[in-house]
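To start, the structure under review is shown below, and the notes come after it.
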Amino acid sequence: MVSYSQHDPAQQLYDIYDMSHTPWWQQSWLTYCAYIAIVLLLLGILWYSARAVIGRKRVLTPWQKAIDELDRLETEGFLSVVYSKELYTALTGLLKRYIYERYGLDIIGKTDDEAIAFLEKNKFPSDLLESIRAIFSGSVIIKFSNACAIKAQIESDFAASRTIIDKTIPQKK
């Protein structure tokens, strides 16, 4: 009985395993690995570019940040007598951060009285200074003696804070 491989010269060569060899670059596992590497590379490029696009944060100006924070306080219901301590703590912190970011006057770590004295010393606009003084002086009693503010005072100080920010927004020419 004669096998088919004995009549086919090409098949006879592969029957002798010690004599035949397929180079590694012609093997199928290398092709599969190359396809996987290309797919992973494309997925990595796609992920990196999507992360760069999604990760871009909108740069907010100091007045936009302050107005957003005031809107947040209003929508979360902090304009009630129950939350007066938290509201005044947030308002004074917000105004201090805003003045620091807008004018570069570092009053963030100062007490309310020190902040007012610092603003007077640095010739802060007097109309704005009076509004800030009114908010800060009223807030000291509420923040530290656990007293409750009246609704009219809360609304007045909140509106004054918004007015301070609105007045200091630079006008486009």
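Using only Cα atoms, locate the centre of the stretch 53-75 and the centre of the stretch 92-121, then give the distance between them in Å, rounded to an integer. Distance between centres, Cα-based: 20 Å.
Each label was represented as a point 7 Å from its Cα along the Cα-to-Cβ direction; for Thr163 and Val53 these points are 4.7 nm apart.
Peptide packing for 81-89, 105-113 was compared via the average number of neighbouring C-beta atoms within 10 Å per residue; ordered from the highest value, the list is 81-89, 105-113.
Counting only lysines at least 8 places from Lys85 when in the same chain, those with an alpha carbon closer than 30 Å to its own are Lys65, Lys96, Lys110, Lys121, Lys123, Lys143, Lys151, Lys167.
We did not get these values from a lab; they are worked out from the coordinates using the rules stated. Keep in mind the model is a prediction, meaning the values are calculated, not measured. Please note: Cβ atoms are built from the backbone with ideal geometry, for glycine as well, and neighbour counts cover all protein chains shown.
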